[in-house]
Amino acid sequence: MEPSPVHISKNIKRIGIINRSQPSDQLKDDTSINSVVAIEEQWLEEKGRSAALTGLFQKLLKDSRFQSVNILDSIPQELMNFEMENDSISWAMINDICNTYDVDAVFSMSFFDTETKVSLKKTSMMQPNLMRVKVKVKAQEITLETLIENGWRIYYPKGKKIIDEFVLNNQIVSTGKGENPWEAYRAIEGRRDTLVKQSKVAGSNYGQRLLPYEDSVERQYYARGSQNLDMAHTFMESGDWQGAFQLWEKELENTNPNIVGRACYNMAVRYEINGDLDKAMEWASKAHSDYNNKNALAYLDKLKYRSSQNQILEKQLSK
């Protein structure tokens, strides 16, 4: 279990969510397929912004640390201009927002942009003829590669601090076939629903950054050097970890110091697997200091980092 990437003060109980993103101008004065896609992009951006805000709102509502969560959609425009030139911030304006709407921190959607690349290629497709028999005919295939970029910031006026700044990216690829580009475009199914759904997921995923999460890590161990280490490797591969641990422990009595160093290293792995980081660090330190195992020092650093992360995690969970 890893601590959340965003550390929220225990004093933050009331959340306000605002939308500072600006619509992009993608319209072109022509009748090409690119212009039609650009018109649709404006619709998608509007719906996508709303979906992303909803996704974050629903995720924060489930967080028991917060007493209230609200989307602030009636803030006067002059109060929304709190980011000045040269990346400076008017904390007075943010403080006004917090005081006016009774919130402790502001979650801001900094931007929401979509960009679509259109590509066409010649292909073929099966289509019924006048006799209702499917025959192969020449066709066009259109591919729309849409990139969604969604930026967020969290402002905490009490500490005059940006708690977090993060950008999420997502790509959606849609294809369709038709006798001409327009028919191929109209043949694309569910693109709007998919993009709006992914936008909502993006907002929810940003809210997830406030929560601890599970992660998997890989560890190396010594599998060669003695008969017991060889056999222990076979046990590990078959899932008999306890059998492998017992064989590693036997090698602590080996007369060859290199093998003992490897056994000490493996014992560190054993205790980390069992969740005892203190013991794991003791064995990794012993492998390095007593038997000059060069790999043990790097492993010890990983264990120390995990231990420090666990301390942060415990503080977060205690809240």
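Readers should treat all values here as calculations from the given coordinates under stated rules, not as data from a laboratory. Since the model is a prediction, treat every value here as computed from it, not as a measurement.
Compute the Cα gyration tensor for the range 144-221, then decide on rounded, prolate or oblate, letting a ≥ b ≥ c be the square roots of its eigenvalues: rounded whenever a/c is under 1.5, prolate when a/b is larger than b/c in the other cases, and oblate in all that remain.
Note, shape of the range 144-221 comes out oblate.
With the radius of gyration and the Kirkwood radius both derived from the Cα set of the chain, what is their ratio Rg to Rh? Show your work: numbers first, answer last.
Values: Rg = 28.6 Å, Rh = 24.6 Å.
Ratio value, two decimals: 1.16.
Where is the GNM fluctuation largest for the chain (alpha-carbon springs, 10 angstrom cutoff): ASN19, ASN292, ASN150?
Evaluated over the chain, the most mobile residue of the options is ASN292.
Which whole-number value in Å³ per residue fits the convex hull of the alpha carbons of the range 200-271? Could the numbers behind the result be given before it?
On the way: hull volume 8.3 nm³, N = 72.
Normalising the Cα hull of the range 200-271 by residue number yields 115 Å³.
How much mean residue ellipticity at 222 nm does the chain get from its helices, if each DSSP H run of length 4 or more adds -39500 (n - 2.57) and you divide by all residues, to the nearest 500 deg cm²/dmol?
On the way: 9 runs with 140 residues, N = 319.
Per the formula, -14500 deg cm²/dmol.
So if the hydrodynamic radius of the range 263-319 is defined as the Kirkwood radius over C-alpha pairs, what does Stokes-Einstein give as its diffusion coefficient at 25 °C and 0.890 mPa s, in µm² per second? Don't jump to the answer; show the numbers that get you there.
Details: Rh = 11.4 Å.
It diffuses with D of about 214 µm²/s by this estimate.
Pick out which of LEU56, LEU72, LEU297 has the largest mean-square fluctuation in a Gaussian network model of the chain, springs linking Cα atoms closer than 10 Å.
Most flexible of the set in this elastic network: LEU297.
Give me the percent relative contact order of the chain, please, defined on Cα pairs under 8 angstrom at least 6 residues apart. Each step should come with its number before you reach the end.
Numbers: 531 pairs, mean separation 58.8, N = 319.
That works out to 18 percent.
Name the most mobile residue of VAL106, VAL69, VAL173, meaning the one with the largest mean-square fluctuation, in a Gaussian network model of the chain with Cα contacts below 10 Å.
In the Gaussian network model the winner is VAL173.
Counting only residues 5 or more places away or on other chains, whose amide H sits under 5 Å from the amide H of ASN293 once H atoms are built in the peptide plane?
Close amide H contacts, sequence-distant or interchain: HIS288.
Given the range 169-319, report the % of alpha carbon pairs whose separation exceeds 28 Å.
On the way: 5369 of 11325 pairs.
The calculated P(r) of the range 169-319 puts 47 percent of pairs beyond 28 Å.
Assign one of three labels to the range 248-291, namely rounded, prolate or oblate, based on the Cα gyration tensor with a ≥ b ≥ c the square roots of its eigenvalues; rounded applies when a/c is under 1.5, prolate when it is not and a/b is larger than b/c, and oblate otherwise. Display every interim value, and only then the final one.
On the way: a/c = 3.15, a/b = 1.64, b/c = 1.92.
Oblate is the answer for the range 248-291, as a/c is 1.5 or above yet b/c matches or exceeds a/b.
Starting from the amide H of LYS161, placed 1.01 Å from N in the peptide plane, find each other amide H under 5 Å away whose residue is 5 or more places distant or on another chain.
TYR156
For the range 140-186, what size does the Cα cloud have along each of its three principal axes, sorted from largest down, in whole Å?
Principal extents (Cα only, largest first): 61, 12, 7 Å.
Thinking of the range 43-146 as a set of Cα atoms, what percent of all their pairs are more than 19 Å apart? Please list the in-between numbers first.
Working: 3550 of 5356 pairs.
Tail of the P(r) past 19 Å holds 66 percent of the pairs.
State the number of lysine pairs found in the range 132-255 whose Cα atoms come within less than 26 Å, restricting to pairs 8 or more positions apart or on distinct chains.
Details: LYS134/LYS177; LYS136/LYS177; LYS138/LYS177; LYS177/LYS197.
Close lysine pairs found across the range 132-255: 4.
Find, to one decimal place in angstroms, the Kirkwood hydrodynamic radius of the range 102-189, where the mean of 1/r is taken over every pair of different Cα atoms and then inverted.
On the way: mean 1/r = 0.0606 Å⁻¹.
By the Kirkwood definition, the hydrodynamic radius is 16.5 Å.
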